[in-house]
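Below is one structure, written out as structure tokens, with a few remarks after it.
FYI, it's all coordinate maths here, none of it is from the lab. Note that this is a predicted model, so its numbers are computed, not measured. When we count neighbours, we look across all protein chains shown, and the Cβ atoms used for this are built from the backbone with ideal geometry, even at glycine.
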Amino acid sequence: MSSKANVTLPGTVEKVLKSPTSGVPEKAQIAVEGGEDLYREIRIENKLTHKNGDEVRLKEGAEVDVTIEADKSATQPKSARG
């Protein structure tokens with residue numbers, strides 16, 4: 001278990017954005033559920049690694065988990081008022 005505070009949100013790969021040139025990597029645009037309308041999409045390099053070391057890429061429509069982690073020094077207790 002991680003010692004970092006974390007939250008995992010469901011997401012869906014909306015688009016796979018092909019590289020416009022050979023020097024720019026392909027991107028995956030992911031809609032994160034629970035995000036505000038104007039800020040719920042993120043774009044990442046479309047390159048993941050299996051635990052066996054094989055590189056793979058996301059497909060459009062794939063359901064994914066988006067995890068945000070923070071060290072203890074980057075967090076503070078939530079106020080009692082919520």
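Quick look at the values:
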{"read-out": "Output for the stretch 1-40, where each listed residue is of a type in the set (D, E, K, R) and closer than 19 Å to Glu63 by Cβ", "value": "Glu14, Lys15, Lys27, Glu33, Arg40"}
{"read-out": "Matching strands (runs of 3 or more DSSP E) fully within the stretch 6-82 where at least 2 residues are loosely packed, with under 14 Cβ neighbours inside 10 Å", "value": "41-45, 63-70"}
